[in-house]
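Following: one structure in structure tokens, then a few remarks.
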Amino acid sequence: MLCKAIIRALNTNYKYNLISYDKTTRHETQPYPDVAIREGIYNSLMHNDWSACQLITINVFDLKMEISNRAVLPSGWTIENHDSMHINPLISNAFKYAGFVEKFGTGIPKMLNACKADGNPEPEYKVYEKSISLVLKPSEKYMLIVEQLYGKNPNDVLHNADVGKDDVLLSKESSKGSVIRRNAILDLIRSNPTITISEIAIIQKVSALTIGRDFDWLEDKGIIIREGSRTDGRWIIVD
């Protein structure tokens, strides 16, 4: 019931289902299959490190959705080859006895199959220092409708009119706030290249997941690079 309520709220208030017409026939196309969202939420709830007292977050962007939780992947884990790790056996068993899980270890295959059937890209996992984000991206059909309705650049559509020349879609927080926070991160790196995501999160008074996404953005843009391991390496700002 909880997951159904979450998906219903996402469909009602956050997801952008696109309306198109074939002559007089109305079509509504959703960006992500509900099955993939449901399994992503289930996995986050069952595998979250609840001892860290951090909530699971669902961030809805214009053209992607991220489901994030506090966790560390086991060594050698891959999306294609993995065993179901019972981090929270009581929660996992409760899900199974309630009928939410038919068989442990089938959640990711269900996500992959649902995305493949709907023409969505394969789900991605972004692994940060102490957290994991599942990234879902819209189907090819959805993107074609975006292009037809809003022009050739899908990054200029929907509610993010203030993004401007930045082709990276921001969350529903203001883009100005993101820029200020990322500039502050760069200042902290200049003063202490070995600073951690958790330490910056405390200084900035936001979640480690938010700072992790900022670091991912900065790395994707080539603004910073990581030298060494996540535990004893350092950050370098690229000139």
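Residues checked against (1) touching a strand residue (DSSP E or B) at 6+ places or on another chain (Cβ under 6 Å); (2) assigned to a helix (DSSP H, G or I):
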position: Glu199; (1), (2): no, yes
position: Ile203; (1), (2): no, yes
position: Thr210; (1), (2): no, yes
position: Arg213; (1), (2): no, yes
position: Glu219; (1), (2): no, yes
position: Ile225; (1), (2): yes, no
position: Arg230; (1), (2): no, no
position: Ile236; (1), (2): yes, no
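Is there a residue in the range 96-106 that is surrounded by fewer than 15 Cβ atoms within 10 Å (Cβ to Cβ), modelled with pLDDT of 75 or more and among the β-branched types (Val, Ile, Thr)?
yes
Restricting to the range 59-70, what's the tally of residues that are farther than 14 Å from Pro123 by Cβ and touching a helix residue (DSSP H, G or I) at 6+ places or on another chain (Cβ under 7 Å)?
Residues that pass the stated criteria total 4.
Considering only residues that are modelled with pLDDT of 85 or more, over 25 Å from Phe215 (Cβ atoms) and assigned to a loop (DSSP other than H, G, I, E, B), which ones fall in the range 122-163?
If the condition is that a residue be modelled with pLDDT of 85 or more, over 25 Å from Phe215 (Cβ atoms) and assigned to a loop (DSSP other than H, G, I, E, B), then Ser139 is the only one that fits.
The values are calculated or read from the model by the stated rules, or taken from the named source; none is laboratory data. Predicted, not measured: the structure shown is a model, and the values here were computed from it. Here the Cβ is made from the backbone with ideal geometry for all residues, glycine too, and neighbour counts use every protein chain on show.
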